1. Determine which single condition ILE268 fails, assuming it passes every other condition in (1) in a helix (DSSP H, G or I); (2) surrounded by fewer than 19 Cβ atoms within 10 Å (Cβ to Cβ); (3) in contact with a strand residue (DSSP E or B) (Cβ under 8 Å, 6 or more places away or on another chain).
2. So GLU284 clears everything in (1) in contact with a helix residue (DSSP H, G or I) (Cβ under 8 Å, 6 or more places away or on another chain); (2) assigned to a helix (DSSP H, G or I); (3) surrounded by 15 or more Cβ atoms within 10 Å (Cβ to Cβ) except one condition, right? Which one?
3. Of all residues in the range 63-89, how many are of a type outside the set (Gly, Ala, Ser), outside any helix (DSSP H, G or I) and surrounded by fewer than 19 Cβ atoms within 10 Å (Cβ to Cβ)?
4. Determine, yes or no, whether SER229 is open to solvent by less than 50 Å² (accessible area, probe 1.4 Å) and part of a helix (DSSP H, G or I).
5. I'd like the residue in the range 290-325 that is free of Cβ contacts under 8 Å to residues at least 24 places away in the same chain and part of a helix (DSSP H, G or I) and, out of all such residues, is farthest from THR271 (Cα to Cα).
6. Among all residue pairs at least 6 apart or on different chains, which show Cβ distances below 9 Å where the first residue, located in the range 47-74, is on the phi > 0 side of the Ramachandran plot and the second is part of a loop (DSSP other than H, G, I, E, B) and open to solvent by 40 Å² or more (accessible area, probe 1.4 Å)?
7. At pLDDT 95 or above and touching a Lys or Arg at 6+ places or on another chain (Cβ under 8 Å): does that describe SER226?
Amino acid sequence: MKVLLSSIRLKEKFTHSTGPILIKVICGLMIIVSQTSHGQSSLYKTENFIDINGVKIFTKLVGSGTPLLIIHGGPGLSHDYLEPQLIELLAEDYQLIFFDQRASGRSSGVEDTTRITMTQFVEDIESIRKYFRLSKVNVLGHSFGGLIAMYYASTHPNAINKVLLIDSSPASWEPFFPMLNLAISERETEADKEELAKIRSLRPNIQPSTMEKYFKIYFRPFFNNSQLSEDLSLGVTEQWVSNYMVTYPRIMKSLGKHNILDKLSSIIAPTLIIHGKDSVIAVESAQEIANRIPNCRLTILKGVGHFPYIEAPKEFADAIKAFVK
């Protein structure tokens, strides 16, 4: 990738509030080079689609340094809700590899629902690792992305360098998913419940702006400070919505009442769990996972919900940087 970046040519020049931005194109990749007005180091962004058996998986690389593969939550969301804060907190130290999962966000694959499964998601990550020629990969999974990370690390243990699970979905359905649904219901206001029901009644003709509004309301109970839900940048588009409507129910059906606790002992890579004390996902779920992974460290952040990178950015970034050296 360093060779690629050093050989790119200037395509266009724009202005931006943070300083000049250069757009460079090579081999079909769009590479954005941004520099602050204070002359700080440039930040490279590359966007590309990786072909995995005919499915186009959207990827975006930001920053430089040790590669860190970011696995977003959902199922059916996209990498966008993680991008702004993770770039701000981590891109100066790591090369962040974002991607939209199959049939999610900008990626294709919704046409063949037989491949919208956890097994296929795992193999897509393995294909991404090989595409970027990483002998071993550091993975960071948030929420449902944490569950994918556990499936991947237990299936391909020798392909993993380090695992970071950020307020991960439970490794077993019982008893933690019923507890999760109860916690959400108890924290929702009656007004929010009514608004969510009103928007759901519009299916399947929900516009992107309405879907974005829906999730910002839906995620309020996931925060210790519910107002911070407005800080989520969801990146909702028409394709995002159409993908989500198929992918979410399909992947949840394929998972069923999963339980992979017995598989966690296969994860041989050092693992860090960061979990919010006030998350809708019970701390006991994180503790259960930590007890099953042989080389695991659990960090509980007080006064923090499901999105620690928003509610406790410094503690979040410090924990990651201390772990991934």
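The values are calculated or read from the model by the stated rules, or taken from the named source; none is laboratory data. Since the model is a prediction, treat every value here as computed from it, not as a measurement. Note that we place each Cβ from the backbone using ideal geometry, even for glycine, and neighbour counts take in every protein chain shown. Quick note on the areas: whole protein, heavy atoms, side chains included, nothing else; ligands and nucleic acids left out. Shrake-Rupley method; radii C 1.70, N 1.55, O 1.52, S 1.80 Å.
1. (1)
2. The one condition GLU284 does not meet is (3).
3. Applying the first criterion (of a type outside the set (Gly, Ala, Ser)) to the range 63-89 yields 66-72, 75, 77, 79-89.
Narrowing further to those that are outside any helix (DSSP H, G or I): 66-72, 75, 77, 82.
In the following step, the residues that additionally are surrounded by fewer than 19 Cβ atoms within 10 Å (Cβ to Cβ) were identified as 66.
Count: 1.
4. On the way: open to solvent by less than 50 Å² (accessible area, probe 1.4 Å): yes; part of a helix (DSSP H, G or I): yes.
Yes.
5. So the residue we want is LYS314.
6. What qualifies is GLY54/ASP112; GLY63/GLU92; GLY63/ASP93; GLY65/GLU92; GLY65/ASP93.
7. Working: at pLDDT 95 or above: yes; touching a Lys or Arg at 6+ places or on another chain (Cβ under 8 Å): yes.
For SER226, the condition - at pLDDT 95 or above and touching a Lys or Arg at 6+ places or on another chain (Cβ under 8 Å) - is met.
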